[in-house]
Every structure is written in structure tokens, then in C-alpha cells.
1. What is the Å³ per residue value for the convex hull set by the Cα atoms of the range 10-117?
2. What FRET efficiency do you get for residue 89 and residue 136 if R0 is 22 Å and r is their Cβ-Cβ distance, rounded to the nearest 0.05?
3. Under a crude label model (7 Å from the Cα following the beta-carbon direction), how far is residue 165 from residue 42 in nanometres?
4. Give the peptides 63-73, 32-42, 5-15 in descending order of average Cβ contacts within 10 Å, highest first.
5. Could you calculate the FRET efficiency of residue 10 with residue 61 from 1/(1 + (r/R0)^6), where r is the beta carbon distance between them and R0 is 45 Å, rounded to 0.05?
Amino acid sequence: MERKIKLRTLNAYITCKICRGYLVDATTVTECLHTFCKSCMVKHLEENNTCPTCQIVIHQSHPLQYISFDRTMQDIVYKLVPNLQENEMKREREFYKQRGLPCPKDIVQPTGDAEDDKPGNHGDSDFHRMDEQVNVGLECTTEHLKSLKRKFIRLSSQATITHLKKFIAQKSKDHTLKFVYVTRWRFKDPPLRLQYRPRIDI
């Protein structure tokens, strides 16, 4: 049975806790997974290194390296809020036009792929931040391996299990990949591939 709900009942989940507007360029803190507008978060981190919601220290000296674009959340917001994407894009282009600058989202980085090279597509220049994102929890279940300080990571859905193994090996400097294989996966099947801003008021 279809059930209609009012948009305001979802506002708490799709608005930025800093500016109180709908999320624009949704950016998530990788340490705690709280999400804010990119411009709001960048400005906040100029003078703070903590999450505005839970106050956890993102990073003592380089917090900007521990936030990432959340494409899934932004897609949800754009689908829920009528005309938000079109209106925000229009405002952003106008913002840069008034200053005689090209809009960053209209600059094409050639990739050799005809589809990727269309205006508005980001190609490879964003290091896959525009891909659908996957949140992965890393939990140690054996006393032979030391637990990671950061138990959650966000990565592109295009990443392979090899990328993840290399990341874990780099963070677990006391153990080689062979050690991890022998102690964890030797008798198991290989693991599956892991599946400017003028603001708009509510």
C-alpha cells in the first residue's frame, strides 16, 4: 500500500546542521559519517578540527583530508527536493559568471571517453569521489592482528578487494599480506568484491 509522507518529516536527515539548509555538495566525515554541505564544512574546518555534530576530533592537523563527497546522500536530497539541483546549479553558475570565472562543474577534464568528456561529468580528476560510495567497517576478530584506529572507511564502489587489502596492509605495518592471508584467509574462499554557495532555505 502506498503511503505519502511530507518532506518536512525527512528534513532532519537531509539538512546541514551548520547552515540548516538542504545539503548541497553533501560531504561526509569519514571518521563518524556525519554529513554537511561542503562549503559549510570547509569553512568550519578553517578554525576547528572537530565534527560539528558529535565533536569527535576528525584529525589534529589535516582534517580536510578526512572528509569526502557523499554522492549517495546528495542523490537522495536531489530526488526528494523538487528543483533543488537545477536551482542550485543556476545560482552557482551565476555566482562565477558575475566574477568572470568559469564554473568548476562545467570544466571538462579529458579522459578519452566520449561520455566522461561531456560538460558536467568529472572524469578521473576527482579521484572517483563522484562514484557511488561504499562504507566499509573494518573489524578485527583475531588476537593476532592489531585493531585499526579508524574502523570505518569510505571508498568508491569501483574499488576492488585488492585495493582494500593494500590499504589494510599499509595500515597494519607489523604484518605482511602473506601473514594476513595465512592467518585469516588460507582455508576460506576469497572475499567477495565489496559491493560557493548561495544557500537554499527550507
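1. 141 Å³
2. For R0 = 22 Å, the calculated efficiency reads 0.10.
3. Each label point lies 7 Å from its Cα, and together they span 3.7 nm.
4. 32-42, 63-73, 5-15
5. Computed FRET efficiency for residue 10 and residue 61 comes out at 0.80.
Since every read-out is calculated from the coordinates, none of them should be taken as a lab result. All figures in this text were calculated on a predicted structure; none of them were measured in a lab. Glycine gets a Cβ as well: all are built from the backbone with ideal geometry, and neighbour counts include every protein chain shown.
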